[in-house]
1. In segment 72-96, what residues are part of a loop (DSSP other than H, G, I, E, B) and either surrounded by 12 or more Cβ atoms within 10 Å (Cβ to Cβ) or touching a Phe, Trp or Tyr at 6+ places or on another chain (Cβ under 8 Å) (or both)?
2. Being in a helix (DSSP H, G or I) and touching an Asp or Glu at 6+ places or on another chain (Cβ under 8 Å) is the filter here, so list the residues in segment 1-55 that pass it.
3. Exactly one condition in (1) surrounded by 15 or more Cβ atoms within 10 Å (Cβ to Cβ); (2) over 13 Å from Cys80 (Cα atoms); (3) of a type outside the set (A, V, I, L, M) is false for Lys14; which is it?
4. Val69 versus (1) free of Cβ contacts under 8 Å to residues at least 40 places away in the same chain; (2) assigned to a loop (DSSP other than H, G, I, E, B); (3) within 15 Å of the chain's Cα centre (by Cα): which is the lone unmet condition?
5. Can you tell me which residue in segment 25-47 is surrounded by the most Cβ atoms within 10 Å (Cβ to Cβ), limited to those that are under 13 Å from the mean Cα position of the chain (by Cα) and closer than 24 Å to Ala90 by Cβ?
Amino acid sequence: MGNPFRAVGVSAEKAAAAYGELPGGARSAHEIARARGLTVHETQGSVTHDRRMGALMRLVARVRAGEHVCVRCPCAQSVCHSSLVREWVARELARG
């Protein structure tokens, strides 16, 4: 699941930080974007919280089952949403 926040005219870190708010579910991608002065990618911005969380939980299940999963992003920044996905999966696995 891609990052709905475009890193156009802003740092990749700012777009990644916005992505970090999504799993909490308190605000939609559009609400987060407005608050942070970001733009939203048209297709990724329409992904619902339930759909995004379902994808993340399926990823956790795959790793928990012993599958080696490579999470990466084509943006090639040192900090991007794929870093946050890896951290989120690791936290979920640690929780049991």
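Throughout, read-outs are computed from the coordinates displayed, never taken from laboratory work. Just so it is clear, the model here is predicted, and its values are computed rather than measured. FYI the Cβ positions are ideal-geometry reconstructions off the backbone, even for glycines, and counts take in every protein chain you see.
1. Cys73, Cys75, Gln77, Val79, Cys80
2. Listed by number, the list holds a single entry, Ile32.
3. (2) is the only condition that Lys14 fails.
4. For Val69, the exception is condition (3).
5. Only one residue tops the list, namely Ala29.
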